[in-house]
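Taking it in order: structure first as structure tokens, then the write-up.
What follows draws every value from the coordinates through simple rules; no lab data is involved. All figures in this text were calculated on a predicted structure; none of them were measured in a lab. Cβ sites come from the backbone with ideal geometry, for glycine too, and all protein chains shown count toward neighbours.
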Amino acid sequence: MEIKSISAFITGGASGIGAATARFLLSKGAHVTVMDANSERLSAVLAEFGERANGFAGDVTNPGDVNSALEAATTWPLPLRVAINCAGIGHADRILQKDGSPHSLETFERVIRVNLIGTFNVLRLSSGVISRMPVLEGGERGVIINTASIAAFDGQIGQAAYASSKGAVVSLTLPAARDLAGVGIRVACIAPGIIDTPLLGQLPGEVRDRLAREVPFPKRLGLPEDYAVVAEMIIRSSYINGEVIRVDGALRMSPK
């Protein structure tokens, strides 16, 4: 699939890996629609992205919002063939706190709702739109890329909610690819390691340095662009399907 001949829909596209991926695909000639819950950040990146990008401020767990964003994504002259799920939230809490109080059920539900249900909501609705696109050579219509985390495999202390949500996204990959094979839509998943996003930028410098030293090679934090180039590879490579790709510099997380 040639990137210059497609349009892409990216959630969480106003910052971090979502914005980096949108920026990267635009540089390759694609048209892009970004969706984000933060309207101020969204306005800022759209001003940067230029005339081949549009956006919609909304909630990935809300079917109406996602459908409206997808409607905006189909206004481009190029067919919508790519949907990339980058929207997500994090949370850290032990199942049993030091004072004996249990993990908040409401917080656990919220993380699952945004990271898993939001991902599935976009997957199910975007697949319907992509399935109506003209068939390419080989029978392909498009690809959906979901975002997990190495926490899905190496969840740390305090990551019960986050690791559960991302582990479920990993498990979703293969059945989704099998479900959508009949309409020519591939499904893949990227599991990033420690990526230097604005959220990570809030940590003290010494903590960031320690995290970088734990990566076997290269000895640095991951960059949002490291995610973007893997997304490009998945889009271009029609035989990548049902696969989860770790992007982590061979890092395996310690318990804490």
Report summary line: Residue by residue through the range 27-33, the couplings from Karplus 6.51 cos²θ - 1.76 cosθ + 1.60 with θ = phi - 60°, in Hz, x for Gly and Pro, are 5, 8, x, 6, 9, 9, 10
Report task. Under 10 Å from the Cβ of A57, count the other residues' Cβ atoms, weight Lys and Arg +1, Asp and Glu -1, and hand me the total. Result -> -3
Requested in this report: Using only Cα atoms, tell me the angle between helix 63-73 and the longest principal axis of the chain; keep it within 0 to 90° and round to the nearest 10.
Outcome: 50
**Report entry** Two-site FRET efficiency, R124 against A250, from Cβ-Cβ distance with R₀ of 35 Å, rounded to 0.05
**Finding:** 0.55
Query raised in the report: Using modelled backbone amide H atoms (1.01 Å from N, in-plane), which distant-in-sequence or interchain residues come within less than 5 Å of A14's amide H?
Result: A19
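Determine, for each peptide in 15-21, 178-184, the mean count of other beta carbons within 10 angstrom over its residues, then list the peptides with the highest first.
Ranked from most to least packed, the peptides come out as 15-21, 178-184.
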Query raised in the report: If we count other beta carbons within 10 Å of each Cβ, what is the order of K28, K98, fewest first?
Result: K98, K28
Query - Residue-span extension gain [S27 to E109] - 0.36 nm each, minus C-alpha spacing - result: 25.8 nm
Report task. Could you please report the charge total around T21, scoring K, R as +1 and D, E as -1 over all other residues with beta-carbon less than 13 angstrom from its beta-carbon? Result -> -2
Report task. Using the structure shown, list the pairs from K4/K166; K166/K256; K98/K256 with a Cα-Cα distance above 26 Å, or answer none. Result -> K4/K166
Query raised in the report: Dividing the convex hull volume of the alpha carbon atoms of the range 21-143 by its residue count, what do you get in Å³ per residue?
Result: 134
Report task. Considering Cα pairs under 8 angstrom that are at least six residues apart, work out the relative contact order of the chain and quote it in whole percent. Result -> 20
Query - MRE, 222 nm, helices only [DSSP H, n ≥ 4, -39500 (n - 2.57), over the chain, to nearest 500] - result: -12000 deg cm²/dmol
Query raised in the report: Just how far, in whole angstrom, is the range 190-256 from the range 70-137 if you go by their alpha carbon centroids?
Result: 19
